[in-house]
Amino acid sequence: MKPAAFGYDRPLDWAAALGLLVQGARPMAGGQSLGPMLNLRLAMPEAVADLRHLPGFAGVAVRDGVVRIGAGTTHAALEDGAVPGRLGAILAGVARRIAYRPVRNRGTIGGSLAHADPAADWVAVLPCLPGDAVLLGAAGERRVPLSRFVLGVFETALAADELLLAVEIPVLPEATRWGHWKFCRKPGEFSKATACVLAVPGAAPRAVLAALDAGPCLLDDAAALLRAPVEEAARIVAGLALEDPWRAALAKRALAQAAEMAA
Amino acid sequence: MKRDVTLTVNGLLETVRVEPRTQLAEVLREELRLTGTHLGCEHGVCGACTVEVDGAPARSCILHAGACAGAVVRSIEGFAEDAVMVALREAFSAEHALQCGYCTPGMLVVARDIVLRLPGADAVRVREELAGNLCRCTGYQGIVHAILRVLESRR
């Protein structure tokens, strides 16, 4: 349970951080996923680039109706209301159920998203929200819609020499409806099935089903799911042809539950 | 390769010569002889090693020495005179909230955070907040009662 030896660097500006990536360093935000992986020797990087001290890495700013959440913003900050309004309430509700408070104090929204563990909470929730991931590479910034950032199991739109700077999500109207449900064997454990449903007034409702040992499954038009949660959830999950009937049952129930909450 | 890492532990500036991969818990236990911090699972699940880092509870097993340079750490020894911790220690004793004591340092650090951060917490919330700290002796009943006792005494 002790890590293999690794080098440690603490870049103080973004150019230095990108330079370390080119040299093969493993980027680390809060280290709450990478830390255990190092101890278990599931990860044995030559070097770790600690991103926590980069300028602007953590923090929330609202400008022109868009909330920009620095990648290094902790789950605990979001749980404690760092983001205002309806969107903030949604994010706080999700954050509160991530792992345990001592983990949330260091774990970050960007680290979790970039790590792309299929059971992670932000991997399930952010694809359901409008907005973009902001990526930084040697050529500058580029944006990827949150719905297309996570591509699969531990797989994202990030290139090997890019870092996640922030997520940007438009302020949501107060009348936005939201449902989120996950099954964990005990509070804080990795989810066995997570679903969320977002209904913004005037836009087609969206849903995501996740934590199924695959990337998040995005449903672009969840109107039928909102009308008949139980029947539609059964139909959608049947279409995924999950092998394990227990996981399929959890997925169905999570999706129906989230839809009922958002209805 | 070993290098000097300087951090503040229980109010004292300390410099230790360790590898970047050394766990913070090992820095505390092996280098500084602060053996109140216990290592259990060593992958962030059991909560035994929880200490305060930069003012908030954190796992000291998945935090490595390199990342701790400049950190302000408070281990269980650093809470000896803390009023909330004194009340929690008395309540843990009165409510039989420990038997072997292995989980207790981590339990106390999290319990103190619950008392200060969630003054209105009820038994259900206390149990939810304790989900990240495993105890194999007490069945948790005594721990929950002890925390509720301190919460109620402060209302």
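The values are calculated or read from the model by the stated rules, or taken from the named source; none is laboratory data. Just so you know, these numbers come straight off a predicted model, no measurement behind them. Neighbour counts run over all protein chains shown; Cβ positions are idealised from the backbone, glycine included. Ligands, DNA and RNA are excluded from the accessible area calculation, which covers all protein heavy atoms including side chains. Shrake-Rupley method; radii C 1.70, N 1.55, O 1.52, S 1.80 Å.
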Per principal axis, largest first, the Cα atoms of segment B:81-153 extend in Å by 28, 27, 17
Whole-percent carbon and sulfur share, accessible surface of the protein assembly as shown, 1.4 Å = 53 percent
With Cα atoms, 0 to 90° folded angle of helix A:245-262 axis to chain A main axis = 80 degrees
Once a ≥ b ≥ c are taken as the square roots of the eigenvalues of the Cα gyration tensor of segment A:152-200, is the result rounded (a/c under 1.5), prolate (a/b larger than b/c) or oblate (a/b not larger than b/c)?
-> oblate
Coarse-grained scattering of segment A:17-172 at q = 0.11, 0.15, 0.20 Å⁻¹, given as base-10 log I(q)/I(0) from a Debye sum over alpha-carbon atoms = -0.39, -0.74, -1.38
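Helix-only mean residue ellipticity at 222 nm, chain A, DSSP H runs n ≥ 4 weighted -39,500 (n - 2.57), per residue, nearest 500. What is it? Present the calculation step by step, with values, prior to reporting the outcome.
Working: 10 runs with 83 residues, N = 263.
About -8500 deg cm²/dmol.
Compute the Kirkwood hydrodynamic radius of segment A:75-129, taking the inverse of the mean of 1/r over all pairs of distinct Cα atoms, and give it in Å to one decimal. Don't jump to the answer; show the numbers that get you there.
Working: mean 1/r = 0.0902 Å⁻¹.
Evaluated over segment A:75-129, this radius sits at 11.1 Å.
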Let me know the shape class of chain B, please: from the alpha-carbon gyration tensor, a ≥ b ≥ c as square roots of the eigenvalues, rounded when a/c is under 1.5, otherwise prolate if a/b is greater than b/c, or oblate.
-> prolate
When the convex hull of the C-alpha atoms of segment B:3-78 is computed, what volume per residue in Å³ does it have?
-> 71 Å³
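Rounded to the nearest 100 Å², what's the accessible area chains A and B bury against each other, both chains counted, probe 1.4 Å? Mind showing how you got there, number by number?
On the way: alone 12190 and 7850 Å², together 17500 Å².
About 2500 Å² of accessible surface is lost on pairing.
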Those lysines that a straight Cα-Cα span of less than 16 Å connects to A:Lys252, excepting residues fewer than 8 apart in one chain | A:Lys182, A:Lys192
Shape of segment A:103-150 from its Cα gyration tensor (a ≥ b ≥ c, root eigenvalues): rounded if a/c is under 1.5, otherwise prolate when a/b > b/c, or oblate?
-> oblate
Most mobile listed residue (A:Pro118, A:Pro127, A:Pro170) in chain A, GNM with C-alpha springs under 10 Å | A:Pro170
In a Gaussian network model over chain B where Cα atoms closer than 10 Å are linked, find which of B:Ala56, B:Ala83, B:Ala69 has the largest mean-square fluctuation.
-> B:Ala83
Pairwise centroid distance, computed over Cα atoms, of segment B:1-34 with segment B:85-155, Å | 28 Å
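For chain A, which longest stretch is free of loop sites, where a loop site is one of the GluC sites (Glu not before Pro) that DSSP puts outside H, G, I, E and B and that has at most 13 other Cβ atoms within 10 Å?
Details: sites that count: A:Glu46, A:Glu174, A:Glu243.
No qualifying site falls inside A:47-173, the longest such stretch.
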With DSSP loop assignment and no more than 13 other C-beta atoms within 10 Å, the trypsin sites (Lys or Arg not before Pro) in segment B:1-90 are B:Lys2, B:Arg33
Long-range Cα-Cα pairs in the protein assembly as shown (distance over 39 Å), rounded percent | 21 percent
